[in-house]
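K.L.:
Take this structure first; my questions come after.
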Amino acid sequence: MKKILIDLKNISKSYDGQMVLDDLNLYIRENEFLTLLGPSGCGKTTTLRIMGGFEVPDRGRVLFDGREITSLPPNKRQLNTVFQKYALFPHMTIAENIAFGLKIKKKTKAYIEDKIQYALKLVNLEGYGGRMPDSLSGGQQQRIAIARAIVNEPKVLLLDEPLGALDLKLRQDMQYELIRLKNELGITFIYVTHDQEEALTMSDTIVVMNQGYIQQIGSPEKIYNEPENAFVADFIGDSNIISSLMVEDKLVEILGTRFPCVDTGFGRKQPVDAVIRPEDVRLLPEGEGRINGQVTHLIFKGVHYEMEVTAGGFEWLVHSTSMFPVGTKVAIDVDPFNIQIMNKPASLDEEAVGVNE
């Protein structure tokens, strides 16, 4: 088990009387790629800024390697931050940009030169040291910003939506670059994004946040396949979330039809929510599944067809590599292990923010 490097304890923060983080507890392990994921205003960037020393919490403590750093300024912490806006100095060459932090630390000229070459090689931009920032593409500028952070040898790299300004292809290329860098450098990455695909692609651990609370923490697979509440199920990918009745262990009634499932411990005849991913809905000829329905919408998405199927009075979202034209009479079925059962929220507040872990 890797040791805990950063530990946030009972962190609360408000701006102008509005609570942004409410008694948040979170720890990050050494060499972990952890992503803070959530919609705008959920508190993820504030959490990152508190780790980096750019904000001081109203309440709570920040521990780094077992030592309290809550009030320590950013330049005294063993971490570096890469922002969405690359913040390169336009009047400096690429080499001078990378060397900036090292010069402040009064490192020798030979040491700085070695570090510049090392960093440029690491981000696959050898030979670019003499160029100016405005001669580089957005992806290249972002890699220079990362190189500038890396040469300071931080234990932790904080990345605040660093790929948000890039186009899709560049963003995907940079995702693979970041994974490679994390593996080569062996440092801890803490990444902020609202992009679910980005989080699922890169992370060891995902922390899903909403309205200042942590909704769920887990591996990408667990977050996607076993969401703990409706917010997570709906935010991470597409979901069919259907009000259902747990008849007994391993048997759930969905839209008046009984489906075998694998969940236990919800009691007998208890109202629940059933979560079924669009790719897990099987479309069969009419009469061969559990609920009959009709295809009402069809879109070709490249790797699959996206369809809406009205069945049992519910609009099902279905992803399939097989195409069923609009108007086709079909039947719906779902394998037991593809039905995820969740307790219904006890209140509207719980439905909005989930449980603060």
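K.L.:
Relative contact order for the chain using alpha-carbon pairs under 8 Å, separation at least 6, rounded to a whole percent?
P.N.:
Across the chain, relative contact order equals 16 percent.
K.L.:
Here's something else I'd like to know. Going by Cα centres, the range 197-238 and the range 62-93 are how many Å apart?
P.N.:
26
K.L.:
Ok, one more. Could you give the angle, 0 to 90 degrees to the nearest 10, between helix 138-150's Cα long axis and the longest principal axis of the Cα atoms of the chain?
P.N.:
60
K.L.:
Moving on. Among 317-329, 244-256, how do they line up by average Cβ neighbours within 10 Å per residue, starting with the highest?
P.N.:
244-256, 317-329
K.L.:
Moving on to the next point. Compute the convex hull volume of the Cα atoms of the range 17-59, divide it by the residue count, and report the result per residue in Å³ as a whole number.
P.N.:
91
K.L.:
So, one more: Can you give me the relative contact order of the range 130-198 as a percent, contacts being Cα pairs under 8 Å and 6 or more apart?
P.N.:
Details: 42 pairs, mean separation 26.3, N = 69.
Relative contact order, the range 130-198: 38 percent.
K.L.:
Could I ask something else about it? For the range 134-276, what's the radius of gyration and Dmax over Cα atoms, in angstrom?
P.N.:
Reported Rg and Dmax, both Å: 20.2, 66.
K.L.:
So how tilted is helix 168-185 from the main axis of the chain? Cα-based, degrees 0 to 90, rounded to 10.
P.N.:
The helix 168-185 is inclined about 60 degrees to the chain.
K.L.:
Which whole-number percent gives the relative contact order of the range 224-357, counting Cα pairs below 8 Å spaced six or more residues apart?
P.N.:
Relative contact order comes out at 27 percent.
K.L.:
Quick one: plug the Kirkwood hydrodynamic radius of the chain (C-alpha pairs) into Stokes-Einstein at 20 °C, 1.002 mPa s, and report D in µm²/s. Can you show the working numbers first?
P.N.:
On the way: Rh = 22.8 Å.
The estimated diffusion coefficient comes to 94 µm²/s.
K.L.:
Keeping every protein chain present and rolling a 1.4 Å probe, give me the accessible area per residue for the range 155-299 in Å².
P.N.:
Averaged over the residues of the range 155-299, the accessible area is 43 Å².
K.L.:
Once the mean 1/r over all distinct Cα pairs of the range 123-187 is inverted, what Kirkwood radius in angstroms do you read off?
P.N.:
Roughly 12.6 Å, rounded to one decimal.
K.L.:
Residue 58 to residue 343: FRET efficiency via 1/(1 + (r/R0)^6), r the Cβ-Cβ distance, R0 41 Å, to the nearest 0.05?
P.N.:
Values: r = 32 Å, r/R0 = 0.78.
Calculated value: 0.80.
K.L.:
Quick check for you: with a 1.4 Å probe and neighbouring chains kept, what is the accessible area per residue of the range 1-126, in Å²?
P.N.:
53
K.L.:
Right, here's the next one. Using a Förster distance of 30 angstrom, determine the FRET efficiency expected from the C-beta separation of residue 250 and residue 320, and round it to 0.05.
P.N.:
0.70
K.L.:
Still on this structure, please answer the following. Might you work out the accessible area of residue 202 for me, using a 1.4 Å probe with all protein chains in place, and round it to the nearest 10 Å²?
P.N.:
10
K.L.:
To the nearest 10 degrees, how steep is helix 94-104 against the longest Cα principal axis of the chain, on a 0 to 90 scale?
P.N.:
The answer is roughly 70 degrees.
K.L.:
Let me ask another. Quick one: which of 32-38, 74-80 comes out on top by average Cβ neighbours within 10 Å, and what's the full order, highest first? Mind dumping the intermediate values first?
P.N.:
Working: 32-38: 25.0, 74-80: 15.7.
Ranking the peptides 32-38, 74-80 by packing returns 32-38, 74-80.
K.L.:
In whole percent, how big is the carbon plus sulfur part of the accessible area of the range 1-132, probe 1.4 Å, protein atoms only?
P.N.:
Summing carbon and sulfur atoms, their accessible area is 51 percent of the total for the range 1-132.
K.L.:
Once you have a ≥ b ≥ c as the square roots of the Cα gyration tensor eigenvalues for the range 5-157, tell me rounded if a/c is under 1.5, and otherwise prolate or oblate according to whether a/b is larger than b/c.
P.N.:
prolate
K.L.:
What's the carbon and sulfur percent of the range 206-347's accessible surface, probe 1.4 angstrom, rounded to a whole number? Present the calculation step by step, with values, prior to reporting the outcome.
P.N.:
Details: 3240 of 6590 Å².
Carbon and sulfur atoms account for 49 percent of the accessible area of the range 206-347.
The values are calculated or read from the model by the stated rules, or taken from the named source; none is laboratory data. A quick note: this is a predicted structure, and the numbers were derived from the prediction, not measured. A quick note on method: Cβ atoms are made from the backbone with ideal geometry, for glycine too, and the neighbour counts reach across all protein chains shown. Surface areas here come from the heavy atoms of the whole protein model, side chains and all, with no ligands, DNA or RNA. Shrake-Rupley method; radii C 1.70, N 1.55, O 1.52, S 1.80 Å.
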